[in-house]
1. GNM on the chain, C-alpha springs below 10 Å: top fluctuator among D67, D128, D96?
2. Loop only by DSSP, 16 or fewer other Cβ within 10 Å of the Cβ. Give me the trypsin sites (Lys or Arg not before Pro) in the stretch 196-305 that pass, ordered by residue number.
3. If the stretch 196-308 were replaced by its equivalent ellipsoid, with semi-axes equal to the square roots of 5 times the Cα gyration tensor eigenvalues, what would those be, largest first, whole Å?
4. By DSSP, what percent of the beta bridges with both residues in the chain are antiparallel, rounded to the nearest 5?
5. What's the magnitude of the charge dipole for the chain around its Cα centre, counting Lys and Arg as +1 and Asp and Glu as -1 at the beta-carbon? Answer in Debye, nearest 20.
6. What helices in the chain pass both tests, a Cα length along the helix axis of 20 Å or more and a mean Kyte hydropathy of -0.5 or higher, using whole DSSP H runs?
7. Tell me, what is the Rg over Rh of the chain, with Rh the Kirkwood radius over Cα pairs?
8. Over the chain, how many pairs of lysines fall under 16 Å by alpha carbon, counting only those 8 or more apart in sequence or from different chains?
Amino acid sequence: MALALAAPVNGSSNSTVSRSKTILLTNDDGFTATNIRATYRELKAAGYNVIMVAPVSQRSGYSGKFDLPTTANLTTDGEFGYVKKGSPSWGHEEDDKNIWYFNGTPGSSVAFALNYVIPTFFNNVSVDLTVAGPNEGTNLGIGMYTISGTIGATYNSVYRGIPGIAFSGSNGNNSFFKDYEAQANDANFSSNIYAKKVVEFVDQLYKGAANNTSLLPEGTGINVNLPLVGSDNSSCTDPNWIHTRFSGPDSTASDLFYNKTSGLVEYQSGHLAALNTFTFGDKTLPGESHILASNNCESSVTVFSIDYDASLAQTNAVGELLQPIFSTSTRFTPTQPSWWKF
Ligand SMILES: *[C@@H]1O[C@H](CO)[C@@H](O)[C@H](O)[C@H]1NC(C)=O
Ligand SMILES: *[C@@H]1O[C@H](CO)[C@@H](O)[C@H](O)[C@H]1NC(C)=O
Ligand SMILES: *[C@@H]1O[C@H](CO)[C@@H](O)[C@H](O)[C@H]1NC(C)=O
Ligand SMILES: *[C@@H]1O[C@H](CO)[C@@H](O)[C@H](O)[C@H]1NC(C)=O
Ligand SMILES: *[C@@H]1O[C@H](CO)[C@@H](O)[C@H](O)[C@H]1NC(C)=O
Ligand SMILES: *[C@@H]1O[C@H](CO)[C@@H](O)[C@H](O)[C@H]1NC(C)=O
Ligand SMILES: *[C@@H]1O[C@H](CO)[C@@H](O)[C@H](O)[C@H]1NC(C)=O
Ligand SMILES: *[C@@H]1O[C@H](CO)[C@@H](O)[C@H](O)[C@H]1NC(C)=O
């Protein structure tokens with residue numbers, strides 16, 4: 001069978017697509033987290049127009065949950081008491097109209113930014129990319145994909161046709177940016193190293209996709225995890241990027257055990273049976289959990305799709321089991337995206 005070569009997406013082989021260079025920045029640790037503030041600063045310094053819209057409180061583990069404010073004003077203080085109880089449920093820094101908080105989850109913060117903040121206050125500028133994080137703590141493997149608010153923000157952006165990248169650092173301390181203002185110019189400070197690595201990654205994406213209408217193929221996102229660096233590990237200051245996949249050895253997900261002494265069931269992370277399943281993508285790539293567990297000063301870069309359908313083989317296998325109870329319904333022909341080559 002002959003394969004048609006895909007035409008360049010912008011319809012011209014020798015022009016570079018013009019972009020707004022606008023990046024929506026969000027996270028799940030809240031808009032007062034040190035990692036996101038450092039990343040805001042470095043992306044701006046690199047020439048991007050950055051609009052930060054992030055939860056006013058800590059929303060780790062909220063996955064794609066879509067909470068909206070139910071009151072006009074906050075009924076409790078925001079994270080670290082930075083925004084006080086009684087303040088409006090959304091707003092921006094007094095001295096920076098590009099830094100917004102929202103009393104919602106990561107997923108709803110993305111929608112709030114794209115459907116309200118940007119059309120209303122930023123002349124509806126087109127957003128090239130959503131960057132989420134860097135999270136305080138890693139988000140590795142299939143198990144975390146469904147739990148992480150950082151990844152939840154990312155797929156909420158990808159749903160809306162805006163490419164998204166989730167960045168997660170290994171520096172787990174939930175830190176307040178005001179406590180680390182003295183470190184703003186410390187090149188060894190882990191949040192600053194992460195911020196520089198985000199810029200390096202985003203710069204390359206803009207360069208690589210210079211001739212494409214969108215920075216990533218439709219329905220695609222990226223999950224990046226960074227190791228301990230600099231002030232948290234002086235022997236790793238400039239981690240290498242490794243192309244990875246979600247599954248594979250060292251993958252874990254949430255599990256529990258019964259503790260006889262306390263009489264409680266307690267959390268443990270488990271190497272669960274099917275986490276090493278390989279169904280899609282490139283089987284030869286190392287798993288992201290394995291790369292971080294290897295402690296080789298490497299960051300993992302896993303590409304994901306928001307089309308969660310099972311493979312044709314899996315779909316057919318299950319279809320066969322249930323065939324006697326299925327009735328036929330109207331078949332739709334899906335629209336193939338322009339990058340689809342097979
Ligand atoms: C984009 O197109 C220009 C002009 O054809 C070409 O010189 C350049 O190599 C292309 N860039 C990429 C990343 O493909
Ligand atoms: C919310 O707070 C603003 C001041 O920030 C105040 O003017 C307004 O009355 C408050 N609204 C409610 C419903 O409490
Ligand atoms: C903003 O732009 C988007 C896409 O470019 C469009 O769908 C939307 O209607 C615009 N909104 C407003 C308020 O102009
Ligand atoms: C963790 O973050 C909090 C809030 O910023 C800070 O007060 C504390 O000193 C930090 N702890 C460590 C070990 O860095
Ligand atoms: C984007 O650009 C690259 C490099 O020019 C090209 O190889 C790729 O097919 C394009 N991808 C999409 C989804 O347009
Ligand atoms: C970076 O921070 C670590 C931990 O505080 C320290 O051991 C190391 O010497 C620092 N490196 C530089 C270049 O400042
Ligand atoms: C079980 O609970 C006891 C009492 O709270 C605690 O000291 C112990 O560390 C727990 N065991 C494990 C394996 O976590
Ligand atoms: C620090 O980084 C080095 C080099 O990647 C690695 O060998 C070491 O295990 C790391 N230490 C910690 C505590 O992560």
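The values are calculated or read from the model by the stated rules, or taken from the named source; none is laboratory data. Everything numeric here is computed off the predicted structure, so don't read it as measured data. Cβ coordinates were reconstructed from backbone atoms using ideal geometry, including for glycine residues, and neighbour counts include every protein chain displayed. The accessibility values were calculated without ligands, DNA or RNA, using every heavy atom of the protein model including side chains. Shrake-Rupley method; radii C 1.70, N 1.55, O 1.52, S 1.80 Å.
1. D96
2. Of the trypsin sites (Lys or Arg not before Pro), the ones in loops of the stretch 196-305 whose Cβ has at most 16 other Cβ atoms within 10 Å are K260, K283.
3. Semi-axes, largest first: 31, 20, 13 Å.
4. Bridges in the chain that DSSP calls antiparallel: roughly 40 percent.
5. For this selection, approximately 680 debye.
6. Long hydrophobic helices here: 190-208.
7. 0.99
8. 7
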